[in-house]
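Colleague: Please read through the structure below; I'll follow up with questions.
The values are calculated or read from the model by the stated rules, or taken from the named source; none is laboratory data. Predicted, not measured: the structure shown is a model, and the values here were computed from it. We place every Cβ from the backbone using ideal geometry, glycine too, and count neighbours over all the protein chains shown.
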């Protein structure tokens, strides 16, 4: 991927402590579902596009923003604040915290629309996360991008309360910067060689960097079977895994931070 710097992708960075990252059984305890994902290596991107027929299918176009400090203080502690504009769909904002222990989450969170406890699966590691997403009105994200609306206006009182109760680091919205946008296209596809629905997402940044991420979401009880099937499926397509969601998010965030000084 041009300019995306394989060395950066594999760099050892002391970000969020993943000490509670678990294997398949323990790593799904208390979750509502599991997302298994791989980032396709640069040399396999064309093969992935052909395998899923992406050129023949219209995808959902998105603009994605993150909110963090210039030294990525939130991300380094496992906290992600994101906002997405979806062409033809509902815009939203999300608070995501990982890793979490579901047993320490109050029951009130599970009753909220948009709240999710999920295990993120990359390779043989599962990391449990908590997220809360809220829909945004037309142009509300754009107003924040243009600095005519405060970042905190994108987040509901419930999202702010989740941060107050679960974030390992204090979040001061006035210290945050708008990072982005990243441009993405998402396709929901099926393939005869896999019985699970597949999501394919291609990200591009302004320096020509891009990547394709392939993922499936399954119920927690299906995690072990789905993981084995997904792995065999990818091997059958000769798609080389390169990393996962944290890799994609980290590379994007570091790119955006560098843009602040340009």
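Colleague: Out of the residues in the range 113-128 meeting the condition of being modelled with pLDDT under 90 and crowded, with 19+ Cβ neighbours inside 10 Å, tell me which one is nearest to the chain's Cα centre (by Cα). Write out each step before concluding.
Modeller: Kept after step one, since they are modelled with pLDDT under 90, are these residues of the range 113-128: 120-126.
Going one step further and asking which of them are crowded, with 19+ Cβ neighbours inside 10 Å, we end up with 120-122, 126.
Working: 120: 9, 121: 12, 122: 12, 126: 14 Å.
So the residue we want is 120.
Colleague: Oh, and also: Any residue in the range 224-236 that is surrounded by fewer than 19 Cβ atoms within 10 Å (Cβ to Cβ), in contact with a helix residue (DSSP H, G or I) (Cβ under 7 Å, 6 or more places away or on another chain), farther than 23 Å from residue 84 by Cβ and in contact (Cβ under 8 Å) with a residue 40 or more places away in the chain?
Modeller: Among the residues of the range 224-236, not one is surrounded by fewer than 19 Cβ atoms within 10 Å (Cβ to Cβ), in contact with a helix residue (DSSP H, G or I) (Cβ under 7 Å, 6 or more places away or on another chain), farther than 23 Å from residue 84 by Cβ and in contact (Cβ under 8 Å) with a residue 40 or more places away in the chain, which makes the answer no.
Colleague: Separate question: Could you tell me whether residue 184 is touching a strand residue (DSSP E or B) at 6+ places or on another chain (Cβ under 7 Å) and surrounded by 18 or more Cβ atoms within 10 Å (Cβ to Cβ)?
Modeller: Numbers: touching a strand residue (DSSP E or B) at 6+ places or on another chain (Cβ under 7 Å): yes; surrounded by 18 or more Cβ atoms within 10 Å (Cβ to Cβ): yes.
It is true that residue 184 is touching a strand residue (DSSP E or B) at 6+ places or on another chain (Cβ under 7 Å) and surrounded by 18 or more Cβ atoms within 10 Å (Cβ to Cβ).
Colleague: Write out, first by first residue and then by second, each pair whose Cβ atoms fall under 6 Å of each other, whose residues are 6+ apart or on separate chains, and whose first residue, in the range 237-262, is within 23 Å of residue 129 (Cβ to Cβ) while the second is in a loop (DSSP other than H, G, I, E, B) and modelled with pLDDT under 90.
Modeller: 242/41; 255/205
Colleague: Among the numbered criteria (1) part of a helix (DSSP H, G or I); (2) buried (at least 20 other Cβ atoms within 10 Å of the Cβ); (3) modelled with pLDDT of 95 or more, which single criterion is violated by residue 171?
Modeller: Checking residue 171 against (1) part of a helix (DSSP H, G or I); (2) buried (at least 20 other Cβ atoms within 10 Å of the Cβ); (3) modelled with pLDDT of 95 or more, the one that fails is (1).
Colleague: Please work out if residue 70 is in contact (Cβ under 8 Å) with a residue 60 or more places away in the chain, part of a loop (DSSP other than H, G, I, E, B) and crowded, with 21+ Cβ neighbours inside 10 Å.
Modeller: Numbers: in contact (Cβ under 8 Å) with a residue 60 or more places away in the chain: yes; part of a loop (DSSP other than H, G, I, E, B): yes; crowded, with 21+ Cβ neighbours inside 10 Å: no.
Here the answer is no, as residue 70 does not meet what is asked.
Colleague: I would also like to ask the following. Could you check the range 189-204 and list, in sequence order, the residues that are touching a residue at least 24 places away in the same chain (Cβ under 8 Å), surrounded by fewer than 21 Cβ atoms within 10 Å (Cβ to Cβ) and in contact with a strand residue (DSSP E or B) (Cβ under 9 Å, 6 or more places away or on another chain)?
Modeller: Of the residues in the range 189-204, the ones touching a residue at least 24 places away in the same chain (Cβ under 8 Å) are 189, 191, 193-196, 198, 200, 202-203.
The next check asks that each one be surrounded by fewer than 21 Cβ atoms within 10 Å (Cβ to Cβ); those that pass are 189, 191, 193-196, 198, 202.
Within the range 189-204, 189, 191, 194, 196, 198, 202 meet the criteria.
Colleague: Output the number of residues of the range 202-247 satisfying the condition of being at pLDDT 80 or above and in a helix (DSSP H, G or I).
Modeller: Step one: filter the range 202-247 for residues at pLDDT 80 or above, giving 202-205, 210-239.
Cutting the leftovers down to in a helix (DSSP H, G or I) gives us 220-236.
Matching residues across the range 202-247 total 17.
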